[in-house]
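Notes follow the structure.
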Amino acid sequence: MVKRLLTALLVLVVVGAASAAGGYFYWQSRLEAPLALDEPMLYQVPSGAGFNQVVAQLEEQGVLEDAWAFRLLARVEPERVPQLRTGEYQLLPNMSGLEMMALLGSNKVVTYSLTIPEGWSFRQMRELLNAAPKLDHRTAELSDAEVMTLLDREGTFPEGWFFPDTYRYHLGMSDVDILRQSLERMERILEEVWEERADDLTIDSPYEALIMASLIERETGAPEERREIAGVFKRRMEQGMRLQTDPTIIYGMGERYEGRITRADIREATPYNTYVIDGIPPTPIAMPGRASLEAAVNPLPGETLYFVSRGDGTHHFSRTLREHNNAVNRYIRNR
């Protein structure tokens, strides 16, 4: 009788163990089962969301068919539960539930790009930031001065101080983050470029180099011309001539500019109009790229004092006023 009882107990233990093992392996298989997706899906982990809240949301959206397995995981093996990070993530059909949870705890968030073109103004940059999707627009209602204060540059005029480039961001970032990156990068690059400057410049500081670079940037998009334009400006300043560059007229006009410069505009005495003022303007007029910064501090030697647009993005350079007037007749008046 005792022997039979022991045998029965042994059988029960074996059956129980087998059942437990089977239950455990079934549970693991549900954790590793593919997501219920037919195509990639963008999922956003809400700010401050906990693991069970995310599991419930994914179950409600039909992504997780065995949400119970993940709730059990949080109870019996909490060390396997990742610390979820706010952001957007790309979920794929062949991804397992465990792989998805690991992804939601990683820094592999979906990112977006925003390109600031060379030669743009700070106003244009702000308009682009205000229109950027998925970006927290913290500066939209602020003045330029308030933006610079927010960036710890109180009293700094913003024009020219932001480096034009492509910047990447993700959900949860703000326009302040991009502005700060762009500002600090311009400061760093300007410092590097100034250290490599020529010895005989007509500009005396990194800020004047930034101003000069902005003029060069607005005058040409042809890389091979930048140093020559810088050389023309340098020689004009050395000889006491005014720079007479049209982009300074346009910048001085502000929002009044409608695509055309008149004789009255050329004669108008704004702080920026280099047909009227001597030397460089008081501030940059645009955001220069690195090539224009380098040209500003390393002008090309030569004898040219004038240039005129050919109408194809390049310029004709002249040594004398007579040669320049002939070029104007050829490229401007005839056109």
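The values are calculated or read from the model by the stated rules, or taken from the named source; none is laboratory data. Small disclaimer: the values here were computed from a predicted structure and weren't measured. Every residue, glycine among them, receives a Cβ derived from its backbone with ideal geometry; neighbour counts consider all protein chains shown. When the accessible area is computed, the model is the full protein with side chains, heavy atoms only, and any ligands, DNA or RNA have been set aside. Shrake-Rupley method; radii C 1.70, N 1.55, O 1.52, S 1.80 Å.
Gln181 falls short on exactly one of the conditions (1) open to solvent by less than 10 Å² (accessible area, probe 1.4 Å); (2) in a helix (DSSP H, G or I), and that condition is (1).
Listed here are the residues, each with its yes/no results for (1) among the polar types (S, T, N, Q); (2) modelled with pLDDT under 95; (3) on the phi > 0 side of the Ramachandran plot; (4) open to solvent by less than 70 Å² (accessible area, probe 1.4 Å).
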| residue | (1), (2), (3), (4) |
| --- | --- |
| Met241 | no, no, no, yes |
| Arg260 | no, yes, no, no |
| Asp265 | no, yes, no, yes |
| Glu268 | no, yes, no, yes |
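From Pro206, Pro284, which residue is over 20 Å from Phe307 (Cβ atoms), touching an Asp or Glu at 6+ places or on another chain (Cβ under 9 Å) and open to solvent by 30 Å² or more (accessible area, probe 1.4 Å)? Before you say what the answer is, go through the steps one by one.
On the way: Pro284 fails: open to solvent by 30 Å² or more (accessible area, probe 1.4 Å).
Sole residue among the options that is over 20 Å from Phe307 (Cβ atoms), touching an Asp or Glu at 6+ places or on another chain (Cβ under 9 Å) and open to solvent by 30 Å² or more (accessible area, probe 1.4 Å): Pro206.
Summed over the stretch 30-58, residues that are at pLDDT below 90 and over 20 Å from Gly87 (Cβ atoms) total 7.
Scanning the stretch 73-110 for residues that are open to solvent by 60 Å² or more (accessible area, probe 1.4 Å) and touching a residue at least 40 places away in the same chain (Cβ under 8 Å) yields Arg85, Thr86, Gln90, Leu92, Asn94. When each of Leu215, Leu210, Leu201 is tested for being in the same structural domain as Val308 (by the TED database) and more than 27 Å from the chain's Cα centre (by Cα), the lone residue that passes is Leu201. Confirm whether Lys134 is at pLDDT below 95, within 15 Å of the chain's Cα centre (by Cα) and either open to solvent by less than 50 Å² (accessible area, probe 1.4 Å) or charged (D, E, K, R) (or both). Judged against the criteria, Lys134 is a match. Across the stretch 290-335, the qualifying residues are those that are in a loop (DSSP other than H, G, I, E, B) and in contact with a Gly (Cβ under 8 Å, 6 or more places away or on another chain), and the one among them that is most open to solvent (accessible area, probe 1.4 Å) is Arg335.
For the condition more than 25 Å from Lys134 (Cβ to Cβ), assigned to a loop (DSSP other than H, G, I, E, B) and acidic (Asp, Glu), what is the one hit in Glu79, Glu65? Answer to the check: Glu65. Here Glu159 meets the list (1) open to solvent by less than 30 Å² (accessible area, probe 1.4 Å); (2) of a type outside the set (S, T, N, Q); (3) on the phi < 0 side of the Ramachandran plot; (4) out of contact with any helix residue (DSSP H, G or I) (no Cβ under 7 Å at 6 or more places or on another chain) almost entirely, failing just condition (4). Residue count for the stretch 243-258 satisfying the condition of being in a loop (DSSP other than H, G, I, E, B) and either open to solvent by less than 60 Å² (accessible area, probe 1.4 Å) or touching a Pro at 6+ places or on another chain (Cβ under 6 Å) (or both): 2.
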